[in-house]
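Structure first, commentary second.
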Amino acid sequence: MTGALSIESGNPLQLGAVWCSDGLNVAVFSDDASAVEVEFFDATGHVSQARVKLVRHVSGVWCAKLNNVPQNWTYIYRAHGARDQSSGLWFDQNKALLDPYAQEFTCDLVIAPEHLSIHEFETADSTPKCRFQSPPNASISAASMPMLMTDRIIYEAHVKGFTCKNPDLPEALRGTYAGLAHPASIAYLQHLGVNTLELMPVQCFADEPFLTAKGLRNYWGYNPYSFFAVHQGYASEPSVAKAELTQAVRTLREAGIDVLVDMVFNHTAEGDAEGSTLSWRGLDNRAYYTLNLDSCAYDNHTGCGNTLNFAHPRVVQLACDALRYWLTDIGVAGCRFDLATVMGRDRHGFNTDHPLLVAIAQDPVLRSGVWVAEPWDIGPSGYQLGGFPRYFSEWNDRFRDSVRAFWRGDPASASAFAQALHGSAEVFESSRRNSSGSVNFVTSHDGFTALDLVSYAEPDNLANLENNRDGHRHNLSLNYGVEGATDNPQIIEQRRRHVRNLLATTLLAQGVPMLLAGDERLNTQNGNNNAYCQDNETTWLSWDWSDAERDMQQWVRDVIACRKRFKALRQDSYHHDDWCWYTLDGKVLTDAEWHQPHLHGLQCTLPDLDGGELCFVINASNELSSAQLPRTGDWQCLLNSHEPSVRTRRGLTQITPKTLQLWWLPNAASHSTID
């Protein structure tokens, strides 16, 4: 330090600790605090150097501009005020508070007993320190590829789990941001046909104390303590996590692969009243969290103890500033929002015209982003599939359940399956939305893998140490007579064919397909359908390929290639009259037949938009069925889940059990329909 700190009036509009032309501007919001200090530490974050009282602006922002601050110093905040839980006030000057706008920390946070809100313990020694920030970018550093949503093939992956066992990567890069963008990883994604990589949380997150007490970790990362800072645990060098992720995103984009990141705008790692004071609670609990109007207890619409309060304009601002940062500084194409109903909640429930959703739509940067909502939370009226604005796409769990039920052979499931194949128009069209509103999936990180879905009738989550009480119970799964792994060749083939059917339906349906990383190679989690705390072989993808895994990957490649080949499979608008439905013997399906409980086989034709015609032939029954294509002509079988390697021009006379086929008829106008 070359001289004493010089303190001037700060800029309340520039939140965070940001270098400006003539010093360091420090600004943080707290409407309820009686005083706020910034405490500076050395570069390591261990030795306190100075405390400065900030000045309150009429906006509720506490700020100051400081000169002579060494560039390698670090900092935290301390907020003073009343401590009255019944009034929603949790001020504690002993708590070292992280800046909600910090973009980098000295290290990752490990929640310690002294962080507990009920204790007025000093926490500076156990809290990471924030690093100063550079001014934000004013515009998107590199625009997203001009890609229609329905042209996207989304691949949901975990940064560590995707590459940590890949022998084609240098050992130091396995499981890292740099590993995602290694030539071997990019070649794999390109070979598969993926053009959009959706990453599970990469913002800073903490392990919950109840997990660490059991010797477990939060592997998924849905427990954030920052919406800006990049998680250091996935970096090959923790000190360069932000730069490493930014470069990985840029490299992937240059290779034709957009990156979406999972954003947990619903709760924080501070938990409920028995949780920790890390940042928001200590700065302004009543602003940042939704509280019961009478008791000031935390509303828990997330199942994680607290719920972010997007009815407050400062929380809306925080979210928009964070999203803008991820688009402009990191370079991602957009985000998937976990439990996104929270983002549209006000005191009256979910509101499509919520200030946050409107702000995203009108912001000149954010309106160019790709936004995917998980359209539910556990609060009142939390299920909002189809209820988000037009510029959102939504995870479609109705598609998931309809497709699972049909291929399992459930009675009266054919009509819901047909709706799913057609892009769930019954969900999205009434609000003037297109099939791009539907992100179609049969599996995701949260639940069974595709292979486990057809191998386990019940979850096996004992490794989570919750007595197998956790995880979804309504899985619509089956096991073909044996629970878990088997050496019975008939069961093995039945399961693989079932997986081919599930993945093909997902990838060929109208809408936006999403593939869970590893499903294309028969990945298993040994029946664990809630592997959020399994940072081990359970969740890490194996790259020790078997012939069956290579065959499944080839099937997925072939299906994706068909989707890309035919524009008709990627239409955004619904074309109801073009989709014609038939029985397996080629007759038009009647209304009465649609409602038969044992309708397990059907056909669907649609124009290929180039003079030809496509036909899905689907048999979800356990029986060999006679079949006849609805139009004569020189049909070509492009896909056959029963014999994936066989390409035939023979006519169709029967279809094997549990089989999906895709046929193509060039020049369909020259052929006649069967009477």
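Read-outs throughout are calculated quantities, based only on the coordinates presented, and are distinct from any laboratory measurement. Bear in mind that the values here come from a model prediction, so they are computed numbers and not experimental data. All Cβ positions, even for glycine, are placed from backbone atoms using ideal geometry, and neighbour counts span all protein chains on display.
Report the relative contact order of the stretch 6-131, percent, no decimals, based on alpha-carbon pairs under 8 angstrom and at least 6 residues apart.
24 percent
So what J values fall out for the stretch 449-462 if you push phi through Karplus, 6.51 cos²θ - 1.76 cosθ + 1.60 with θ = phi - 60°, rounded to Hz, Gly and Pro as x?
Each residue's phi maps through the Karplus curve to give 6, 4, 5, 5, 4, 10, 10, 10, 7, 9, x, 10, 10, 4 Hz.
Using alpha carbons only, what's the Rg to Rh ratio of the stretch 577-670 with Rh from Kirkwood?
Here the Rg-to-Rh quotient is 0.95.
Could you pull out every residue, at least 5 positions away or on a different chain, whose amide H is within less than 5 Å of the one on Q133? Hs are placed 1.01 Å off N in the peptide plane, and Pro or chain starts have none.
For Q133, the qualifying residues are A17, V18, W19.
Once you have the Cα-Cα distance between R565 and R367, take 0.36 nm times their residue separation minus that, and quote the gain in nm to one decimal.
That works out to 68.3 nm of additional length.
On a C-alpha basis, how far is the centre of the stretch 374-452 from the centre of the stretch 301-324 in Å? Whole number, if you could?
26 Å
For the stretch 6-131, take every pair of Cα atoms, bin their distances at 10 Å starting from 0, and report each bin as a whole percent.
13, 45, 34, 8, 0
If you keep only loop residues by DSSP, which chymotrypsin sites (Phe, Trp or Tyr not before Pro) in the stretch 51-158 have at most 16 other Cβ atoms within 10 Å of their Cβ?
Within the stretch 51-158, the qualifying chymotrypsin sites (Phe, Trp or Tyr not before Pro) (loop, at most 16 other Cβ atoms within 10 Å) are F121.
Only loop residues by DSSP count here, and only those with at most 10 other Cβ atoms within 10 Å; note down the chymotrypsin sites (Phe, Trp or Tyr not before Pro) in the stretch 187-249 that meet that.
none
Relative to the longest principal axis of the chain, what angle (0 to 90°, nearest 10) does the C-alpha long axis of helix 183-192 take?
That works out to roughly 40 degrees.
If R0 is 35 Å, what FRET efficiency do you get for A243 and I378 from their C-beta distance, rounded to 0.05?
Step by step, r from the Cβ atoms, then E = 0.40.
In nanometres, what is the gap between the two model label sites at V47 and S21, each 7 Å from Cα along Cα-to-Cβ?
3.5 nm
Can you list the residues, at least 5 places off or on another chain, whose amide H is less than 5 Å from the amide H of V261, using H built in the peptide plane?
L199, G334, C335, R336
Per 0.36 nm of contour for each residue apart, how much would the distance between H598 and S134 grow if the chain were fully extended, relative to their Cα-Cα spacing? If you can, show how the numbers build up before the last one.
Values: separation 464, 0.36 × 464 = 167.04 nm, distance 6.38 nm.
My answer for the length gained is 160.7 nm.
With labels modelled as points extended 7 Å from the Cα through the Cβ direction, what inter-label distance (nm, one decimal) is found for D353 paired with R550?
Once both label points are built, they end up 6.0 nm from each other.
For the stretch 84-97, take each phi angle, set θ = phi - 60°, evaluate the Karplus expression 6.51 cos²θ - 1.76 cosθ + 1.60, and give the result in whole Hz per residue in order, putting x for glycine and proline.
Once rounded to whole Hz, the list reads 9, 4, 5, 9, x, 10, 10, 5, 7, 5, 7, 8, 6, 10.
Residue by residue through the stretch 158-171, what is 3J(HN,Hα) from phi via Karplus (6.51 cos²θ - 1.76 cosθ + 1.60, θ = phi - 60°)? Round to whole Hz and write x for glycine and proline.
My calculation for the stretch 158-171 gives 9, 4, 6, x, 5, 10, 5, 10, 7, x, 7, 9, x, 4 Hz in order.
Nearest 5 is fine: what % of DSSP beta bridges in the chain come out antiparallel, could you say?
Of all bridge pairs located within the chain, approximately 70 percent are antiparallel.
Residues with amide H under 5 Å of Q525's amide H, sequence separation 5 or more or different chain, H placed in the peptide plane at 1.01 Å from N; which?
T449, D452
Using the Cα gyration tensor of the stretch 173-271, with a ≥ b ≥ c the square roots of its eigenvalues, what is the shape: rounded (a/c below 1.5), prolate (a/b larger than b/c) or oblate (neither)? Walk me through the intermediate numbers first.
Values: a/c = 2.04, a/b = 1.93, b/c = 1.06.
Because a/c hits 1.5 or more and a/b exceeds b/c, the stretch 173-271 counts as prolate.
Only residues of the stretch 46-89 count here: report those whose backbone N is under 16 Å from the spot 7 Å along Cα→Cβ of A4, or say none.
Only 50-53, 66-69 pass the distance filter.
For the chain, just the Cα atoms, rotate onto the principal axes and tell me the three extents in Å, largest first.
Its Cα atoms span 91, 48, 48 Å along the three principal axes.
Bin width 10 Å, origin at 0, all Cα-Cα pairs of the stretch 198-242: what percent of pairs per bin?
The distribution over the stretch 198-242 is 28, 50, 21, 0, given as percents.
Under 12 Å from the Cβ of R83, count the other residues' Cβ atoms, weight Lys and Arg +1, Asp and Glu -1, and hand me the total.
So the environment of R83 carries a net charge of -2.
If you take every residue apart from M149 with its C-beta less than 12 Å away from the C-beta of M149, what net charge results, scoring Lys and Arg +1 and Asp and Glu -1? Mind dumping the intermediate values first?
Details: positive: R152, R390, R433, R570; negative: D151, D258, E394, D572.
Taking every Cβ under 12 Å from that of M149, the sum is 0.
Could you compute the FRET efficiency for D634 and E537, with r as their C-beta to C-beta distance and R0 at 51 Å, rounded to 0.05?
FRET efficiency, D634 to E537: 0.55.
Relative contact order for the stretch 577-670: what is it in percent, counting Cα pairs under 8 Å that are at least 6 residues apart?
30 percent
From Cα pairs below 8 angstrom and at least 6 apart in sequence, can you work out the relative contact order of the chain, rounded to a whole percent?
Relative contact order comes out at 10 percent.
Please compute the length gained on full extension between D321 and Q654, using 0.36 nm multiplied by the number of residues separating them and subtracting their Cα-Cα distance.
The span from D321 to Q654 would gain 114.1 nm if fully extended.
Taking trypsin sites (Lys or Arg not before Pro) as candidate sites, keep only those in a DSSP loop with at most 13 other Cβ atoms within 10 Å, then name the longest stretch of the chain containing none of them. Before the final figure, lay out the partial values.
Details: sites that count: K214, R347, R432, R469, R473, R647, R649, R650.
In the chain, the maximal stretch lacking such sites is 1-213.
Kindly provide the GluC sites (Glu not before Pro) of the stretch 191-286 that DSSP labels as loop, not H, G, I, E or B, and whose Cβ sees at most 12 other Cβ atoms within 10 Å. Write down the numbers at each step before the final one.
On the way: sites: E198, E244, E254, E270, E274; in loops: E270, E274.
Within the stretch 191-286, the qualifying GluC sites (Glu not before Pro) (loop, at most 12 other Cβ atoms within 10 Å) are E274.
Past 29 Å, Cα to Cα: identify those pairs from K95/K242; K242/K564; K129/K165; K587/K658; K65/K242; K165/K242, in the order given.
K242/K564; K129/K165
Could you compute the FRET efficiency for H575 and F210, with r as their C-beta to C-beta distance and R0 at 60 Å, rounded to 0.05?
Computed FRET efficiency for H575 and F210: 0.70.
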